[in-house]
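Just so you know, all these numbers are worked out from the coordinates, no wet-lab data involved. These numbers come from a predicted model, not from an experiment.
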Amino acid sequence: PTARCGHASCVVKGKIYAVAGADVTNIISTLEEYDPETNTWTERANIPTGRLGIAASVVNEKIYAIGGSVTAPPPHPGLRTVEEYDPIKD
């Protein structure tokens, strides 16, 4: 439901997660879950560091938000940040 660009997405247990990015005016830390079986979106706990241009990966059903930038427009100094998110516990 949050319009965004520069975000990452990944899948855990059949649900799609949209992670961080930027909306029309701000860098955001929003994490939202889409359930294709029910066609519903759920806002989940925000990631600690809002950023855009990130990568996300899933290992053992945990989401890892990696890198990105906290500034826009370019040039974007990269972050060395990796944050773990457990959608099962949230």
Review point. Across region 45-58, in residue order, what do the Karplus-derived ³J(HN,Hα) couplings come to in whole Hz, using 6.51 cos²θ - 1.76 cosθ + 1.60 with θ = phi - 60° and x for Gly and Pro?
Key: 4, 5, 6, x, 10, x, 6, 10, x, 8, 10, 9, 9, 10
Review point. Could you name the aspartates and glutamates in cross-link range of residue 13, using Cα to Cα under 18 Å and dropping any fewer than eight places away on the same chain?
Key: 32, 33, 35, 37, 43, 61, 84, 86, 90
Study note, to complete from the structure: In whole Hz, the Karplus estimates of ³J(HN,Hα) for region 2-15 (6.51, -1.76, 1.60; θ = phi - 60°; x where Gly or Pro) are 8, 5, 7, 9, x, 9, 10, 9, 7, 10, 10, 6, x, 10
Review point. Non-local amide H neighbours of residue 44 (under 5 Å, H modeled in plane, Pro and chain starts lacking H): which ones?
Key: 31, 32, 33
Practice item. Please list, in chain and number order, the residues 5+ apart from residue 12 or on another chain whose amide H is under 5 Å from its amide H, with Hs placed from the backbone. Key: 17
